[in-house]
Protein chains: 4
Amino acid sequence: MDLKSDRFLKDRVVPVDVEEKKTVSEILSAFNETSFQSRNLAKCVEIYVKMLKDQNKPTVFLGLSGAMIPAGMKKVVSTMVKHKMVNVIVTTGANAYHDLAECFGVYHFKGSPHVDDAELYRHGIDRIYDTYAEEKKYRLVDERIAQLADKIMAERPDSSPMSSREFLFELGKLIDQEGDIKEKEGSFLWNCWRFKVPVFVPALCDSSIGLALTKHYIKCVNRNTKPLVISQIKDNYEIFQIKMAAKKTGVIYVGGGVPKNYIQQTAYLEGLTGKPGRGHDYGFQITTDRPEWGGLSGCTFKEGISWGKDKATGEFVACYCDATIALPLIVRAVLERLETK
Amino acid sequence: MDLKSDRFLKDRVVPVDVEEKKTVSEILSAFNETSFQSRNLAKCVEIYVKMLKDQNKPTVFLGLSGAMIPAGMKKVVSTMVKHKMVNVIVTTGANAYHDLAECFGVYHFKGSPHVDDAELYRHGIDRIYDTYAEEKKYRLVDERIAQLADKIMAERPDSSPMSSREFLFELGKLIDQEGDIKEKEGSFLWNCWRFKVPVFVPALCDSSIGLALTKHYIKCVNRNTKPLVISQIKDNYEIFQIKMAAKKTGVIYVGGGVPKNYIQQTAYLEGLTGKPGRGHDYGFQITTDRPEWGGLSGCTFKEGISWGKDKATGEFVACYCDATIALPLIVRAVLERLETK
Amino acid sequence: MDLKSDRFLKDRVVPVDVEEKKTVSEILSAFNETSFQSRNLAKCVEIYVKMLKDQNKPTVFLGLSGAMIPAGMKKVVSTMVKHKMVNVIVTTGANAYHDLAECFGVYHFKGSPHVDDAELYRHGIDRIYDTYAEEKKYRLVDERIAQLADKIMAERPDSSPMSSREFLFELGKLIDQEGDIKEKEGSFLWNCWRFKVPVFVPALCDSSIGLALTKHYIKCVNRNTKPLVISQIKDNYEIFQIKMAAKKTGVIYVGGGVPKNYIQQTAYLEGLTGKPGRGHDYGFQITTDRPEWGGLSGCTFKEGISWGKDKATGEFVACYCDATIALPLIVRAVLERLETK
Amino acid sequence: MDLKSDRFLKDRVVPVDVEEKKTVSEILSAFNETSFQSRNLAKCVEIYVKMLKDQNKPTVFLGLSGAMIPAGMKKVVSTMVKHKMVNVIVTTGANAYHDLAECFGVYHFKGSPHVDDAELYRHGIDRIYDTYAEEKKYRLVDERIAQLADKIMAERPDSSPMSSREFLFELGKLIDQEGDIKEKEGSFLWNCWRFKVPVFVPALCDSSIGLALTKHYIKCVNRNTKPLVISQIKDNYEIFQIKMAAKKTGVIYVGGGVPKNYIQQTAYLEGLTGKPGRGHDYGFQITTDRPEWGGLSGCTFKEGISWGKDKATGEFVACYCDATIALPLIVRAVLERLETK
């Protein structure tokens, strides 16, 4: 019995010592020898470093859900972009919009979930859990986006559809040209524009950017001109080409939703060529969802293997933790590891 | 002290007696006098009945997320459609696709989450938590969708963009014409087509329908013809008109994601007219997410009030429960209540 | 490939039809053919019925955590006791105390979580999520318990320690003698007393019963007499004997905490005899916790198998759902199934 | 409108910059200006530092639930003890037992939740989520505890009951005398013994310590001698005196369960004196539970205020995060803050 049980009892749990371990990287390394979600957090760092050091230079896709900009996470994403830790971003319209808004001086404020929301409404304040924003100022940002759409159409005689990626690129350029100089340093849209990291927003209409484009649409209907068209399928075609061109791929899911699903399905898009699509090689997910409800947001990498979305031989881990805690720590630790190399 | 405390101590908790209460409707009524999530489940029924009996005939929007078809929930949704308990559906591409697939004989099977997913992959079986599907058969469905797109473009000389709603309507017609007669009875797409309930899928590209349309797109690129374009903004314009035309509105969120957000923002779309948009009047959500992560899927109706997405004077409740349990019970209880009237 | 994949694709998901399925039992039967948590809810019923019909008459242990009495669940538990659906209960001090309190006219009231708790405090109102209780009246119940302890010690010359089970039996008798006649019908303590179902509260001191006994203790210290002693280890010895006498065992965990762990460890207690302890044969858990945090409350039956707490050949299921929804439905469905036999 | 809304819009969210912020303390300080759970994590540090610097020297109670020793967290708790960051610990029998076991060379090992538990059982390996232990070796530890109980009774002629605190103190002494020298440095039981920090385990019988004491009990029954009695109510009396003696109190809840409830009720114990009990002054909780189920483990400090368990004027926060991530970070950051003072 003992001989056999030995193979299960090889690696001791080593208690983490926070008097001895001091830096973020040291503590997250020590978490490799602890248990539960701290160990999974450590594995995210390990897999991320491996992904970045792989000589085949995997294309790294980041799926970014949740209200990450009001949460104060835009500089963490920008750091990832600037340090070439991510090659493609798929995100929500809200994240793109809030990032843009801050570049135009529309900030987010610390608030409380225990508040009279009817009173906030009377004061024109929008609440995102424990964070506030000014409704009126948001509407000014919408106007700029609508004008950008007008301008694009004026310069686009064939009025052919754009992908969301192309439109997001235009927003990046808009920030570059007209955004607040100090704010844009932290903007992930601007950094993506600068460093040529494509940003996809498959459900663009489902956000204030969508509202702004609807404003533009109504105007066009009224004056009987052609409105800007965002073609989702063009997005698919573009990301399909990116996947095809990649030797290997790594994925990072911050939350679930469309960004996660959209990156998962790139292996399927590749399958449209007739040859079987290649699953992702590396991946980690930071989530607070769970698999038992059967939804895509909570599904595991293990499940993804059955579909061929992820390789059976790949390296994957999920860390069940709020992203506003886990993501900055992971990125900080990876920075330290890459430096020390 | 006692006099004042009296106003807090008016309604006693009444223990539910399952020997006495027998029908689903009786038990869910009894839950009005219990606590925690059972009371919230009871409130969903109360609010739903109120919504349906309101003399202003509110337009009822259903946001449907999660893998509801593999979960065996399509007939519940169809019942809602057939009994005019819902007027507009916003859902995911996956739900539309799986519903369509079953009409063409591609079924879902009971499986287990504790399985070797690499083995499933080798057998061509896709896993959705505890449910299986056959990969190869899915691909046949894709082919039909791609052909539908080809056909639409052949008949659409101006090649103007379609809304997702228009395309989903075409899929409903396809089911009517070519779907398995026995299967289509339960199909929510077919019932929506039959009863003229619009179905929006804002993130249509993010699904196997999107894959099929990409297949069509690649073919068009290769033969240098114009591909079908799904215009998200046209969707916005259409749902904006529906919202404008409604005297009152009620919302049902099964899960979160794009379907929930998209319905929430209809009040904002209405605001594009210059007048302030009107928040929803009634609503209930069935969710397993929570507000503390700050994401849209877990946000509360209370938060929605600050934005004006929901009326401060409206009636709303969230029930924290897996939808595969809560939704059938709610619909069953509402049916019983409507009958007894 | 197809031949092999067939074994995975045997049982189709059958959509639940709430127009056709009407009773609780019918709907929960239909859930056997759906997915996610509805299927697990159905399995709870299946396993419970099997447990009750097993010719070896398994001893059924119920672990009852959470504020089930303020939640209005006491009659559901009483139904289980009266119909011999449970043989031993392990619960928290709070559940025993709240049940007792209601027998003495101290009720629970429907409230709201969105309230000024400082104001409640000033009015002497205790809040349990969305339920209220009157602080002052609780204290009167404490006094009765303290007096019972005084009386017991007066009649117990050897002042030997009692198990919590013995003390709970005395509380059942107290309800029988002095409790409100109408209220006691629903009391699970009274029904357990009547039907000789032992009730264990391993952490008795951690509740208002504990407060009352501390009051008694202080009085004894002050007048230098021997206080009542509740011996936890005597509880262990008693439940050990129950386990030893059982041919087979089934377990029901409503929530986690001490009640769950205490029932799990009965197999271990049995191991103290020198022979290996026998794991449980049947079990279901209703929980909202999850395994990823490594705690006992969220641990799975699968994990229990490694310890020998549960038999590898046993039948077990967890349903992730609030107990105030799942428990009444399960008990109602089991009643219907047993009747129809 | 603007003037009024200003009061809501005072503190901007400041994006965290992980290129600039490097130490754990710096990042956790920066989290004061972000949102969602990162901000709550920051507040835990702020409240903890305030608690420790309060000139009234609050008595700090730590409620420790969950499998913290197999998780590798014992040194973090020991650091808290050694640096006088905690004055009283209330925990589970499992935490005390696992800490003791490691002092006697019975370690925990890194494992996987995706494993055949029946195979583990055959190999005598117990699984705690992703961690393994050796069943056989645990039983040797039980024997030592049973012998300690024998020895205590031999030396205790009046055979009066012990509190769990007294018994835990004896275990601390046992570690000091017989434990592995290298291992005991990290043991929280040994450090508590050394630094005279009382450790309460209200549900001592519900653990392997309880099993060992039951072994002792059976032996006593067989040879007709008096067994060791652990009196829960004596625990209450002791912690009541600690609460009475404290000018102020702070509480830390790692998880929920009995440890949390037991610390909460100390204010109530104080109320037994006739004067109203004083609620706690400071507190933070690290939890993955939630309030919507109505259970004690997930209840909020806000709810505690209605009961008088927590002061309306106190400072409290809950951080929804796995403790194996949050606790080491908080303790590390507090160490840095205290040093820099």
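The values are calculated or read from the model by the stated rules, or taken from the named source; none is laboratory data. Just so you know, these numbers come straight off a predicted model, no measurement behind them. Neighbour counts run over all protein chains shown; Cβ positions are idealised from the backbone, glycine included.
Looking at A:Ile218, A:Ile209, A:Ile128 in this structure, which one is of a type in the set (A, V, I, L, M, F, W, C), out of contact with any Lys or Arg (no Cβ under 9 Å at 6 or more places or on another chain) and free of Cβ contacts under 8 Å to residues at least 40 places away in the same chain?
Criteria check complete, one pass: A:Ile218.
Condition (residue is within 7 Å of chain A (Cβ to nearest Cβ), modelled with pLDDT under 95 and part of a loop (DSSP other than H, G, I, E, B)) applied to segment B:250-259: is it met by at least one residue?
Checked against the condition, which is being within 7 Å of chain A (Cβ to nearest Cβ), modelled with pLDDT under 95 and part of a loop (DSSP other than H, G, I, E, B), segment B:250-259 yields no hits at all.
This table checks each residue for (1) out of contact with any strand residue (DSSP E or B) (no Cβ under 6 Å at 6 or more places or on another chain); (2) within 24 Å of B:Cys192 (Cα to Cα); (3) small (Gly, Ala, Ser); (4) at pLDDT 95 or above.
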{"position": "B:Phe31", "(1), (2), (3), (4)": "yes, no, no, yes"}
{"position": "B:Cys44", "(1), (2), (3), (4)": "no, yes, no, yes"}
{"position": "B:Met80", "(1), (2), (3), (4)": "yes, yes, no, yes"}
{"position": "B:Gly93", "(1), (2), (3), (4)": "yes, yes, yes, yes"}
{"position": "B:Asp99", "(1), (2), (3), (4)": "yes, yes, no, yes"}
{"position": "B:Ile125", "(1), (2), (3), (4)": "no, no, no, yes"}
{"position": "B:Ala133", "(1), (2), (3), (4)": "no, no, yes, yes"}
{"position": "B:Tyr138", "(1), (2), (3), (4)": "yes, yes, no, no"}
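Among the numbered criteria (1) more than 14 Å from chain A (Cβ to nearest Cβ); (2) under 20 Å from the mean Cα position of the chain (by Cα), which single criterion is violated by B:Val201?
With respect to (1) more than 14 Å from chain A (Cβ to nearest Cβ); (2) under 20 Å from the mean Cα position of the chain (by Cα), B:Val201 is out only on (1).
Quickly run through segment D:108-144 and pick out the residues that are more than 8 Å from every other protein chain (Cβ to nearest Cβ), under 24 Å from the mean Cα position of the chain (by Cα) and either part of a strand (DSSP E or B) or aliphatic (A, V, I, L, M) (or both).
D:Ala133, D:Val141
Looking only at segment B:260-290, filter to residues that are closer than 20 Å to B:Thr91 by Cα and of a type in the set (Gly, Ala, Ser); which one of those is modelled with the highest pLDDT?
Ranking the candidates gives B:Gly283 first.
Every residue, every condition in (1) of a type in the set (Gly, Ala, Ser); (2) buried (at least 20 other Cβ atoms within 10 Å of the Cβ); (3) within 23 Å of C:Lys75 (Cα to Cα), yes or no:
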| position | (1), (2), (3) |
| --- | --- |
| C:His98 | no, yes, yes |
| C:Lys110 | no, yes, yes |
| C:Glu119 | no, no, no |
| C:Tyr129 | no, yes, yes |
| C:Tyr132 | no, yes, yes |
| C:Arg144 | no, no, no |
| C:Ala154 | yes, no, no |
| C:Phe167 | no, yes, yes |
| C:Glu185 | no, no, yes |
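Confirm whether A:Asp11 is closer than 30 Å to D:His123 by Cβ and of a type outside the set (A, V, I, L, M, F, W, C).
So A:Asp11 passes the test.
Pull up segment C:1-23, narrow it to residues that are modelled with pLDDT under 95 and within 33 Å of the chain's Cα centre (by Cα), then point me to the one that is nearest to B:Met68 (Cα to Cα).
Taking the candidates together, the pick is C:Lys21.
Cβ-Cβ distance below 8 Å, separation of 6 or more or different chains: which pairs start in segment D:103-117 with a residue that is under 30 Å from D:Glu178 (Cα atoms) and in contact (Cβ under 8 Å) with a residue 40 or more places away in the chain and end on one that is among the aliphatic types (A, V, I, L, M) and surrounded by fewer than 19 Cβ atoms within 10 Å (Cβ to Cβ)?
The qualifying pairs are D:Phe104/D:Leu140.
Give me the residue from segment A:240-249 that is in contact (Cβ under 8 Å) with a residue 60 or more places away in the chain and within 20 Å of the chain's Cα centre (by Cα) and, out of that set, nearest to the other protein chains (Cβ to nearest Cβ).
A:Lys243
Identify all residues within segment A:207-243 that are of a type in the set (A, V, I, L, M) and part of a loop (DSSP other than H, G, I, E, B); write none if there are none.
Within segment A:207-243, A:Leu228, A:Val229 qualify.
Could you run through segment C:90-107 and say how many residues are part of a helix (DSSP H, G or I) and either under 15 Å from C:Pro259 (Cβ atoms) or within 14 Å of chain B (Cβ to nearest Cβ) (or both)?
Of the residues in segment C:90-107, 10 are part of a helix (DSSP H, G or I) and either under 15 Å from C:Pro259 (Cβ atoms) or within 14 Å of chain B (Cβ to nearest Cβ) (or both).
List the helices (runs of 4 or more DSSP H) inside segment D:162-206, counting only whole elements, that have at least 2 residues being at pLDDT below 95.
Of the helices (runs of 4 or more DSSP H) lying wholly inside segment D:162-206, those with at least 2 residues that are at pLDDT below 95 span D:181-184.
Considering each of B:Glu315, B:Glu270, B:Glu336 in turn, give the residue that is away from chain C (no Cβ under 12 Å), in contact with an Asp or Glu (Cβ under 9 Å, 6 or more places away or on another chain), farther than 20 Å from A:Trp293 by Cβ and not small (Gly, Ala, Ser). Full working, then the answer.
Details: B:Glu270 fails: in contact with an Asp or Glu (Cβ under 9 Å, 6 or more places away or on another chain); B:Glu336 fails: away from chain C (no Cβ under 12 Å).
Step by step, each of B:Glu315, B:Glu270, B:Glu336 is checked, and only B:Glu315 is away from chain C (no Cβ under 12 Å), in contact with an Asp or Glu (Cβ under 9 Å, 6 or more places away or on another chain), farther than 20 Å from A:Trp293 by Cβ and not small (Gly, Ala, Ser).
Mind listing just one residue for me: the one in segment D:43-63 that is surrounded by fewer than 24 Cβ atoms within 10 Å (Cβ to Cβ) and touching a helix residue (DSSP H, G or I) at 6+ places or on another chain (Cβ under 6 Å) and, of those, farthest from the other protein chains (Cβ to nearest Cβ)?
Per the stated criteria, the residue is D:Pro58.
State whether one or more residues within segment D:295-303 are among the charged types (D, E, K, R), closer than 19 Å to C:Leu120 by Cα and away from chain A (no Cβ under 14 Å).
no
Regarding segment A:72-89, can at least one residue be identified that is of a type outside the set (D, E, K, R), more than 8 Å from chain D (Cβ to nearest Cβ) and part of a strand (DSSP E or B)? Steps first, please.
Applying the first criterion (of a type outside the set (D, E, K, R)) to segment A:72-89 yields A:72-73, A:76-81, A:83, A:85-89.
From what is left, the residues that are more than 8 Å from chain D (Cβ to nearest Cβ) are A:77-78, A:80-81, A:83, A:85-89.
Right, trim to part of a strand (DSSP E or B) and you get A:88-89.
Scanning segment A:72-89 turns up at least one residue that is of a type outside the set (D, E, K, R), more than 8 Å from chain D (Cβ to nearest Cβ) and part of a strand (DSSP E or B).
Among the residues of segment B:288-296, is any under 29 Å from A:Ser231 (Cα atoms) and either assigned to a helix (DSSP H, G or I) or more than 20 Å from the chain's Cα centre (by Cα) (or both)?
no
In segment B:284-299, which residues are under 23 Å from B:Asp54 (Cβ atoms) and in contact with a helix residue (DSSP H, G or I) (Cβ under 6 Å, 6 or more places away or on another chain)? Show your work before the answer.
Narrowing segment B:284-299 to residues under 23 Å from B:Asp54 (Cβ atoms): B:284-286.
Once the filter is applied, which keeps residues that are under 23 Å from B:Asp54 (Cβ atoms) and in contact with a helix residue (DSSP H, G or I) (Cβ under 6 Å, 6 or more places away or on another chain), segment B:284-299 yields B:Phe284, B:Ile286.
Within segment B:1-26, track down each residue that is assigned to a helix (DSSP H, G or I), within 8 Å of chain C (Cβ to nearest Cβ) and in contact (Cβ under 8 Å) with a residue 60 or more places away in the chain.
B:Val24
Of the conditions (1) touching a strand residue (DSSP E or B) at 6+ places or on another chain (Cβ under 9 Å); (2) within 12 Å of chain D (Cβ to nearest Cβ); (3) of a type outside the set (Phe, Trp, Tyr), C:Leu168 fails just one. Which one is it?
All conditions are met except number (2).
What is the residue count in segment A:220-234 for residues that are facing chain B (nearest Cβ under 7 Å) and closer than 15 Å to A:Lys151 by Cβ?
Here is the first cut: in segment A:220-234, the residues facing chain B (nearest Cβ under 7 Å) are A:227, A:229-233.
So of that shortlist, the ones also closer than 15 Å to A:Lys151 by Cβ come out as A:227.
The qualifying residues number 1.
Here is a list: D:Tyr237, D:Tyr262. Which entry is facing chain C (nearest Cβ under 10 Å), among the hydroxyl-bearing types (Ser, Thr, Tyr), crowded, with 24+ Cβ neighbours inside 10 Å and closer than 27 Å to C:Gly124 by Cβ?
D:Tyr262
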